[in-house]
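Read the structure below first, then the notes.
The values are calculated or read from the model by the stated rules, or taken from the named source; none is laboratory data. Worth saying up front: this structure is predicted, and the values here are computed from it rather than measured. Positions of Cβ are backbone-derived with ideal geometry, glycine not excepted, and every protein chain shown enters the neighbour counts. The area values use the complete protein model at the heavy-atom level, side chains included, leaving out ligands, DNA and RNA. Shrake-Rupley method; radii C 1.70, N 1.55, O 1.52, S 1.80 Å.
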Amino acid sequence: MTAVADLTPPRAFDVEAIRADFPLLAHPVHGKRLAYLDSGASAQKPLQVMDALRHAYEFEYANVHRGAYWLSEKATSNFEAARSAVAQFINAADDCEVIFTRGATEAINLVAQTYGRSMLREGDEIIISAAEHHSNIVPWQMLRDEKGLVLKVAPITDDGQLDMAAFEALLTERTKVVAMTHVSNVLGTVFPIAEVATKAHAVGAVLLVDGCQGVVHRAVDVQALGCDFYAFSGHKLYGPTGIGVLWGREELLDAMPPWMGGGDMISSVTFEKSEWAALPAKFEAGTPAIVQAIGLGAAIDYLQSLDLDAALAHEHALVAYATEQLADIPGLTLHGSVPGKSGIMSFSLAYAHPHDISTVLDRSGVAIRAGHHCCQPLMERCGVPSMARASFGLYTNRADIDQLVKALRTVHTLFA
Ligand code: PLP
């Protein structure tokens, strides 16, 4: 069962106090104040997470689920407490629905290779959206090629929203899986997941949500969303790399065959045959990322100590401020402008390549992402080969935006 919610009132949202929890932000780069605007790629880590990692290695480290001695039992209970923290954070019905993976990419591949491989037949259809990250495209292409499936793409509108009428028109009784992002890592658009779930279920399809950018920008309730699978990565949620989550409905996970075989995922093994362990162990073959999971639990505890509604309001205010400031940069095109969008500002300059923009900004202490953002089909839809992207975290403040805008003026001076 999931843990009982902690009723401690959240700490009031104060961005400067939050910045103090992230020591890396105070270290200058090229002698300049750091404006870290690449949280969409990976978020910085608060001291609370680093302390938890160090504590786990220094005082409570051993392998889990196999030692009949204090240290192993302690490591196991810490590891399972992290699972409970995740379950509670996303409102899973039960801890056993939370499968630890290496990240979102592995979580999506797990569903494609187990649910997809065992449940889909030749001619069955999968629908994704035109805004997907490669990790929610390629696993489905691989499955399509292996099983003779049909992969359909639901288009997006010019302002970056799911074209709902076009999506509905793609649904048929052969649609078995809909796989869609919660929030676009390029456009910041929040996809209407609850509506997509209702429509997918009406034709008997399951809905997998790529929650990489969703879970980091808003409180997620997987039951209220109505999806069947939800995947995300710990490192974007202020936790360590090497840990991620696949949440799935218990009855679906139960019916799926395991993916990787090995220790921990079995209940018995003979040379003739093996029996699978119950959830979640069935999908966690081998020694898991023990301390990374504990670090993810610490990141979730940290997030839950904050007023997340106020954090979201702060992010929306920053998006409005950045939109207004960027509009003053000559020749700048902002990609994605749907109201309520997340703190992801992708843009192009008429006179400078994104890599040049990023290099000039770096000399001013501003860290942004430049490239195709693992969304090549979306780049094509937007008519550009690549973009520059500033993405926000809990700790982003107006000074970061001001520093970005000032550095973009330098790019204009140098290149225009
Ligand atoms: N999906 C989205 C929307 C992302 O932004 C990312 C990472 O950038 C991924 C999937 C892949 O995440 P990871 O590389 O942590 O598995």
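Rounded to a whole number, what % of the accessible area of the chain do carbon and sulfur atoms account for, probe 1.4 Å? Each step should come with its number before you reach the end.
Details: 9390 of 16950 Å².
After summing per-atom areas, the C and S share lands at 55 percent.
Too long at a 20 Å Cα-Cα cut-off: which of K32/K406; K147/K199; K32/K236; K152/K199; K236/K341?
Numbers: K32/K406 13 Å; K147/K199 25 Å; K32/K236 25 Å; K152/K199 16 Å; K236/K341 18 Å.
Exceeds cut-off: K147/K199; K32/K236.
Output needed: percent of Cα pairs per 10 Å distance bin for the stretch 154-195, bins running from 0 to the one holding the longest distance. It works out to 26, 57, 17, 1, in whole percents. Only DSSP H runs of four or more residues enter the estimate; each adds -39500 (n - 2.57), and after division by the residues of the chain the mean residue ellipticity at 222 nm equals -11000 deg cm²/dmol. Computed 3J(HN,Hα) for the stretch 117-132, one whole-Hz value per residue from the Karplus formula 6.51 cos²θ - 1.76 cosθ + 1.60 where θ = phi - 60°, is 5, 8, 9, 9, 10, 3, x, 5, 10, 10, 10, 10, 9, 6, 9, 6, glycine and proline marked x. Modelled this way, with points 7 Å down the Cα-to-C-beta line, the labels at R398 and T157 are 3.2 nm from one another. Relative to the current alpha-carbon distance between F415 and K32, full extension at 0.36 nm per residue lengthens the span by 135.7 nm.
Rolling a 1.4 Å probe over the heavy atoms of the protein chains gives the chain an accessible area of 41 Å² per residue.
Would you list W276, W259 from the most to the least accessible area, probe 1.4 Å?
Numbers: W276 125, W259 90 Å².
My answer, sorted largest first, is W276, W259.
Computed extension length for E73-L252: 61.5 nm, one decimal, from 0.36 nm per residue of separation with the Cα-Cα distance subtracted. Beyond 41 Å, what percent of the Cα pairs of the chain remain? Within the chain, distances greater than 41 Å cover 17 percent of Cα pairs.
Converting phi to 3J(HN,Hα) with the Karplus coefficients 6.51, -1.76 and 1.60 and the offset θ = phi - 60°, the stretch 282-296 yields 3, 9, 10, 5, x, 5, x, 7, 4, 6, 5, 5, 5, x, 5 Hz in sequence order, with x at every glycine or proline. The heavy atoms of D21 present about 20 square angstrom of accessible area, all protein chains included, probe 1.4 Å. Whole-Hz Karplus values for the stretch 210-215 come out as 7, x, 3, 9, x, 5 Hz, taken residue by residue from phi with 6.51 cos²θ - 1.76 cosθ + 1.60 and θ = phi - 60°; glycine and proline positions read x.
Distance between the modelled labels on T8 and E122, one decimal in nanometres: 5.9 nm (7 Å Cα→Cβ projection). Can you give the longest run of the chain that contains no GluC sites (Glu not before Pro) sitting in a DSSP loop with at most 10 other Cβ atoms inside 10 Å? My reading of the result: 273-416 is the longest stretch.
Based on DSSP loop calls and a cut-off of at most 11 other Cβ atoms within 10 Å, the longest stretch of the chain free of exposed trypsin sites (Lys or Arg not before Pro) is what? Show your work: numbers first, answer last.
On the way: sites that count: R66, R121, K273.
Segment 122-272 is the longest.
Here the spin labels are modelled as points 7 Å beyond Cα on the Cα-Cβ line, and at T323 and E168 they lie 2.6 nm apart.
Separation of the stretch 255-274 and the stretch 322-379 by C-alpha centroid, Å? Comparing the Cα centres of the stretch 255-274 and the stretch 322-379, I get a distance of 47 Å.
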